[in-house]
Ligand code: NAP
């Protein structure tokens, strides 16, 4: 399969890139700032290439998707993974903390998916996986911006899945809990672990395995769903 993953340079996105590369798929990933890491990944896998793209910019997305299609010859699978958080109680939240989180986590879904879905409709096949969060399922204090963006992504997943089901294109969301990546690196893991029924953070590779199942042929009848992967949270 020809796979495009956003935010493939680190964390969950990187684990997806590496799993798909080992499964012999052709992969293009977008990164934003980490050119060095992106380059390292590409050197490791002949079937992987990287394109720099800030997914919050519609112009950059347009150019990067065109480059990706040129490299792959088409896109069968889109993983909307790139994301950021800017936590803080809402009373103290700056306008930028709201806008940046909405643009990167939610608007990017619209810019990317709109471009990629047209050829999928013509081909009558395709897989879209949106990486949301347990924060969008339950709401978390200090994350009004992030919970809003991730909840909206779940709504978008449900609505788009119904638009595309007849074309044999599935659209699903994956909602991780606490996963050990740079995004959670400065959190107090020993305290937070106590709130997780399984008593541990998840690994990016565990999320990648779920994403890999959702884009497989075996998952052809699953669409419009949000699957939590959170060690019992949510
Ligand atoms: P991470 O380790 O911080 O990595 C974030 C990735 O997104 C990086 O590859 C980064 O690229 C890319 N990125 C950030 N802003 C971007 C932009 N404007 N344009 C393009 N790429 C951008 O994060 P993660 O933990 O793997 O999270 C991946 C996804 O899972 C996110 O959507 C996050 O919200 C979601 N999630 C994570 C957790 C968790 O506990 N870790 C839980 C629930 C949901 P650069 O390396 O170039 O900066």
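Remarks
- Scanning region 118-144 for residues that are touching a residue at least 60 places away in the same chain (Cβ under 8 Å) and crowded, with 19+ Cβ neighbours inside 10 Å gives 127, 129, 131, 132, 134, 137.
- Test: residue 19 is buried (at least 24 other Cβ atoms within 10 Å of the Cβ) and touching a residue at least 60 places away in the same chain (Cβ under 8 Å): no
- Tabulated pairs, region 39-58, first more than 30 Å from residue 99 (Cα to Cα) and touching a residue at least 24 places away in the same chain (Cβ under 8 Å), second assigned to a loop (DSSP other than H, G, I, E, B) and more than 8 Å from the ligand (Cβ to nearest atom), C-beta under 8 angstrom, 6+ apart or interchain: 47/24; 47/25
- Residues that are part of a helix (DSSP H, G or I), more than 24 Å from residue 22 (Cα to Cα) and within 13 Å of the ligand (Cβ to nearest atom) within region 158-192 comprise 183, 184, 189, 192, listed in sequence order.
- For first residues located in region 160-179 and on the phi < 0 side of the Ramachandran plot, partners that are crowded, with 23+ Cβ neighbours inside 10 Å and at pLDDT below 95 and lie 6+ apart or on another chain with Cβ distances below 9 Å do not occur.
- Of the strands (runs of 3 or more DSSP E) entirely within region 40-151, those holding at least 3 residues that are within 13 Å of the ligand (Cβ to nearest atom) occupy 48-52, 126-131.
- Qualifying residue in region 219-234 (condition: closer than 23 Å to residue 86 by Cβ, within 20 Å of the chain's Cα centre (by Cα) and modelled with pLDDT under 95): yes
The values are calculated or read from the model by the stated rules, or taken from the named source; none is laboratory data. A quick note: this is a predicted structure, and the numbers were derived from the prediction, not measured. When we count neighbours, we look across all protein chains shown, and the Cβ atoms used for this are built from the backbone with ideal geometry, even at glycine.
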